[in-house]
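What follows is a single structure, written as structure tokens, with notes after it.
What follows is calculated from the coordinates using simple rules that are stated; it is not laboratory data. The model shown is predicted, which means the values in this text are computed figures rather than measured ones. Here the Cβ is made from the backbone with ideal geometry for all residues, glycine too, and neighbour counts use every protein chain on show.
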Amino acid sequence: MENVLVAVAYLTSAVLFIMSLRGLSSQESARRGNAYGMIGMGIAIFATLTASFMSSYVLIVIALVVGAIIGQRMAGAVAMTAMPELVALLHSFVGVAAVLVGFATYLGSSHAGTIFEIEIFVDVFIGAITAAGSVVAFLKLKGSLSGKPLLLPSRHMLNLGLVGLCVLLAIPFVNATEPGTASVFALVGVTVIALGLGAHLVAAIGGADMPVVVSMLNSYSGWTASAAGFMLSNDLLIVTGALVGSSGLILSIIMCRAMNRSIVSVIFGGFGGETTPKPSGDAAAAPAGDIQETDVAAVVERLTAAKNVIIVPGYGMAVARAQHKVHEMTEILKDAGINVRFAIHPVAGRLPGHMNVLLAEANVPYDIVLEMDEINEDFPETDVVLVIGANDIVNPSAETDESSPIYGMPVLQAWLSKFVVIMKRGRSTGYAGVDNPLFYHDSAHMLFGDASASMDGIVAELRAKAPALT
């Protein structure tokens, strides 16, 4: 009867997890999706802790209390700009846990057959890759490591060789009749090699692909959990890991399509680290002209005279924490009868959905937040486009310069509008490290300075003009 009750609890949790993923697919149902996930996890934990095989609760309670305190403090202290590196760091915890559980399971059990040994081996292998790769991603996103890809000579052959060594070490491990010195050393060797492989795989990926990397690491963590489920004969872990792994993979593929990149080139690539000779002729015309600067007063004058305004948020908005001021500006313009919408590129920011979360935090209505495919054709009829801290996602080189590393990546066609305001701290390139011809476009004007300070000035002037606008 106990096994039946546990199975029912696990099945209920699995259904709730599926409902959670469905809820998280849209902004309107995201809160409900989170609630389903929390309830499902609560049921799973309760069912596990009340099972008869639980003999001691002391360590479990200590782990729960310490983990809850650390998690609450980390979540409470992290800024939205640091959320991508926190997510990457949390993925590393999944990998470390899988490796530790794999070793504990192997050392604490007798030889249970070849399939069982393979399950342990795969769990430790994937877990170590996830752990090391996530740590490198965390350091890159945090800025402790350069965002440039580490392109070692014959790196693909090196990766293949490391995988081959792991396969060779699997032979003595699987053939061992019981845990012993040789098999333990083989498992340790696989762990060390897989750690190096995971670190090298992510180190070879450039900064422009980091949003996809975070998504892929999420997928890795799911497959790690699923492998642990097979090893522990836990159906819920298998199902949950498969859900996380497949959803992370699907999201990564969607993002790669949005960047005109193949998933293979992201995993094994080095985007932004290689220079491509410029083709002859006019295919790679260099940016021409001078940057036109503007000021807050001129921007406000353009905004108040416009009928249609599109706002393109980027990582600069997140760094400046300007989303609340942007929302305030939006409300003033809407009250004046101006049509204001937001254009969201799939890879804007450093995390999938980064901009959507920031705007939702500032209570920007969901119905005016549109994806690239929904709004791109509206730029020619737009009076003013306000680009706030975005760069690569509005770069015309993606469509015109075949020598550019981002050539072929779908972008927001802000340059087709009548007037573009680009808010930036300086003239530096974006995360991809390539120049942006939009800065020199006839319709583009640069508003230099911190986005928060600039938005403060814009909002203040709009407030002063509000009585005359309504």
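Ratio of Rg to Rh for the range 55-211, alpha carbon only, Kirkwood?
1.04
Counting only residues 5 or more places away or on other chains, whose amide H sits under 5 Å from the amide H of Met446 once H atoms are built in the peptide plane?
Counting only residues 5 or more places away or on other chains, the set is Gln292, Glu293, Thr294, Ile422.
What share of Cα pairs, in percent, lie more than 18 angstrom apart in the range 82-130?
When all Cα pairs of the range 82-130 are counted, 38 percent exceed 18 Å.
How large is the Rg to Rh ratio of the range 324-470 when both quantities use alpha carbon positions and Rh follows Kirkwood?
Reported Rg/Rh (Cα atoms, Kirkwood Rh): 0.95.
Please work out whether the range 324-381 counts as rounded, prolate or oblate from its C-alpha gyration tensor, where a ≥ b ≥ c are the square roots of the eigenvalues and a/c under 1.5 means rounded, while otherwise a/b larger than b/c means prolate and anything else oblate?
Since a/c reaches 1.5 but b/c is at least a/b, the shape of the range 324-381 is classed as oblate.
Against the globular-protein guess of 2.2 N^0.38 Å, express the Cα radius of gyration of the chain as a ratio, rounded to two decimals.
In units of the 2.2 N^0.38 Å rule of thumb, it is 1.12.
For the range 1-77, what is the relative contact order in percent, using Cα pairs closer than 8 Å and at least 6 residues apart in sequence?
28 percent
Which aspartates and glutamates, on any chain, are close to Lys148 with Cα under 18 Å apart, when same-chain ones fewer than 8 places away are left out?
Once the sequence-local aspartates and glutamates are set aside, what remains near Lys148 is Glu85, Asp209, Glu274, Asp392, Asp435.
How high is the relative contact order of the chain, given as a whole-number percent (alpha carbon pairs under 8 Å, six or more residues apart)?
For the chain, the relative contact order is 13 percent.
Which of His354, His156, His327 comes first, and how do the rest follow, when ranked by fewest Cβ neighbours within 10 Å?
His156, His327, His354
So, by mean Cβ neighbours within 10 angstrom, what's the order for 216-224, 317-325, 140-148 with the highest one leading?
With the highest mean Cβ count within 10 Å placed first, the list reads 216-224, 317-325, 140-148.
For the range 1-77, what mean projected area does the convex hull of the alpha carbons give, in nm²?
The orientation-averaged projected area of the Cα hull of the range 1-77 comes to 6.1 nm².
With a 10 Å Cβ neighbour count serving as the proxy for reagent exposure, in which order, fewest first, do Val459, Val411 appear?
In order of increasing Cβ crowding within 10 Å: Val459, Val411.
Just subtract the alpha-carbon distance of Met54 and Glu331 from 0.36 nm times their residue separation and send over the number in nm, one decimal.
Here the answer is 94.1 nm.
Glu361 to Leu158: extension gain in nm, 0.36 nm per residue of separation minus the Cα-Cα distance?
Taking Glu361 through Leu158 to full extension adds about 68.7 nm, to one decimal.
Of Thr81, Val192, Gly108, which is farthest on the positive side of the dipole of the range 81-268, counting Cα position, with +1 on Lys and Arg Cβ, -1 on Asp and Glu Cβ, and the Cα centre as origin?
My answer, from the dipole projection, is Thr81.
For the chain, what does the helix formula give at 222 nm: sum of -39500 (n - 2.57) over DSSP H segments with n ≥ 4, over the residue count, nearest 500 deg cm²/dmol?
One gets -19500 deg cm²/dmol as the mean residue ellipticity at 222 nm.
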